[in-house]
Ligand code: NAP
């Protein structure tokens with residue numbers, strides 16, 4: 001539980017989340033709790049933006065130190081970034097901007113990163129060594145792309161599966177990995193299963209992306225869906241003897257990586273985790 005109050009005065013450093021819409025975002029809760037817990041003079045606010053160019057100019061002009069970037073801007077924001085992190089470039093999406101020194105306008109460069117893959121890897125690494133692990137990734141959307149490239153960074157061997165075969169094969173080709181159709185998954189041998197599809201999300205929370213009978217072969221199953229926190233996939237994976245990781249872990253650790261990029265300080269992970277868990281409940 002956070003007991004400390006936020007300490008904001010005229011010298012506060014400002015952060016936020018750029019997207020459209022942003023009113024459902026859990027990031028303000030998580031980052032403001034972190035500033036408060038460390039007694040930092042920082043504040044994080046929702047920033048609904050439709051015109052990205054004006055939005056980024058505004059952030060620089062107003063002295064924002066960094067922002068999260070969410071749907072629908074993760075790809076388009078890249079054209080306004082001065083220095084792009086190489087992994088974010090490979091993924092083709094940015095979810096974090098760091099905006100250069102507030103005191104020195106000439107140094108107000110915009111740095112772009114992707115911390116979604118960092119969050120997913122850190123969540124998985126709590127349960128398994130990724131280097132050399134065989135990971136089956138379900139899905140071929142934005143999250144699958146970030147997680148796929150992240151797993152390759154960590155030295156995992158990946159395989160992809162997706163409902164729309166052409167889209168799945170295309171991403172698999174870009175990642176340099178094999179593709180397996182959903183109805184042939186019983187032939188796949190892997191250590192880890194990661195669901196990056198939205199199957200199982202409220203209100204369709206009676207659905208699972210795969211048949212329970214294939215689950216026992218995986219040591220670890222991670223679902224990035226976080227509403228509900230315990231999806232049907234995770235319930236069935238637990239019943240099949242797998243270790244499970246819920247969607248809150250990736251959400252938490254992508255935010256932890258953002259906080260550390262912005263502040264250069266170790267994030268108060270437990271505080272951030274507790275407020276997220278409280279909000280999701
Ligand atoms: P996206 O780009 O729209 O991709 C959606 C994926 O889900 C596609 O592969 C799509 O397959 C698949 N899919 C959707 N409905 C399906 C169905 N009925 N049957 C089979 N496959 C289906 O979405 P995204 O941005 O990657 O996000 C995916 C999920 O991850 C969402 O639930 C989101 O809330 C969650 N998420 C969680 C975190 C976290 O930090 N925990 C972060 C980001 C996203 P097709 O290609 O066949 O359409």
Computed D for the range 12-104, Stokes-Einstein, Kirkwood radius over alpha-carbon pairs, 10 °C, 1.306 mPa s, to the nearest µm² per second, is 116 µm²/s
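Based only on other Cβ atoms within 10 Å, what is the fewest-to-most ordering of 278, 153, 184?
On the way: 278 12, 153 16, 184 9.
By the 10 Å Cβ count, ascending: 184, 278, 153.
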Per-residue Cβ contact counts at 10 Å, fewest first, order 115, 197 as 197, 115
Could you state the angle between the C-alpha long axis of helix 269-280 and the longest principal axis of the C-alpha atoms of the chain, as a value from 0 to 90 degrees rounded to the nearest 10?
70 degrees
What shape does the range 117-242 have by the C-alpha gyration tensor, where a ≥ b ≥ c are the square roots of the eigenvalues, rounded means a/c under 1.5, and otherwise prolate means a/b greater than b/c and oblate the rest?
rounded
By counting other Cβ atoms within 10 Å of each Cβ, how are 60, 281, 213 ranked from fewest to most?
281, 213, 60
Among rounded, prolate and oblate, which fits the range 47-89 when a ≥ b ≥ c are the square roots of the eigenvalues of its C-alpha gyration tensor, a/c under 1.5 means rounded, and a/b larger than b/c means prolate?
oblate
Once you compute Rg and the Kirkwood Rh from C-alpha atoms, what is the Rg to Rh ratio for the range 6-55?
1.03
Extension length gain for residue 213 and residue 23 (0.36 nm per residue less Cα distance), in nm, is 64.5 nm
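Based on the Cβ-Cβ distance from residue 278 to residue 153, what FRET efficiency comes out when R0 is 35 Å, to the nearest 0.05? Display every interim value, and only then the final one.
Working: r = 32 Å, r/R0 = 0.91.
Once rounded, the FRET efficiency stands at 0.65.
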Against the longest alpha carbon principal axis of the chain, how many degrees, from 0 to 90 and to the nearest 10, is the axis of helix 116-125 turned?
50 degrees
Relative counts (whole %) of C-alpha pair distances in the range 67-170, using bins that are 10 Å wide
15, 39, 31, 11, 4, 0
Hey, what did the range 1-63 get for relative contact order, percent, Cα under 8 Å, at least 6 apart?
42 percent
Residue separation times 0.36 nm, minus the C-alpha to C-alpha distance between residue 60 and residue 109: what's the value?
16.8 nm
The chain: proportion of alpha-carbon pairs further apart than 32 angstrom, %:
26 percent
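R0 = 25 Å: FRET efficiency of residue 131 with residue 227, Cβ-based, nearest 0.05? Before the final figure, lay out the partial values.
Details: r = 32 Å, r/R0 = 1.26.
The computed FRET efficiency comes out at 0.20.
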Please find, in a Gaussian network model of the chain (springs between Cα atoms separated by less than 10 Å), the residue of 121, 187, 32 whose mean-square fluctuation is greatest.
187
Please list the equivalent ellipsoid semi-axes of the range 152-218, computed as the square roots of five times the alpha-carbon gyration tensor eigenvalues, in descending order and whole angstrom.
20, 15, 12
List residues of the range 237-258, by number, whose backbone nitrogen lies under 19 Å from a label position 7 Å along Cα→C-beta of residue 206.
237
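Only Cα pairs under 8 Å and at least 6 apart count here; give the relative contact order of the range 17-95 as a rounded whole percent. Write down the numbers at each step before the final one.
Numbers: 76 pairs, mean separation 27.9, N = 79.
Over the range 17-95, the number comes to 35 percent.
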Dividing the convex hull volume of the Cα atoms of the range 203-249 by its residue count, what figure in Å³ per residue is obtained?
59 Å³
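Contact order normalised by length for the chain, with contacts defined as Cα pairs under 8 Å and 6 or more residues apart; what percent is it? Present the calculation step by step, with values, prior to reporting the outcome.
Numbers: 568 pairs, mean separation 46.3, N = 281.
Reported as a whole number, the value is 16 percent.
Bear in mind these aren't lab numbers, they're just calculated from the coordinates by the rules spelled out. Since the structure is predicted, the reported quantities are computational estimates derived from the model, not experimental observations. Quick reminder, even Gly has a Cβ in these numbers, built from the backbone with ideal geometry, and neighbours come from all protein chains shown.
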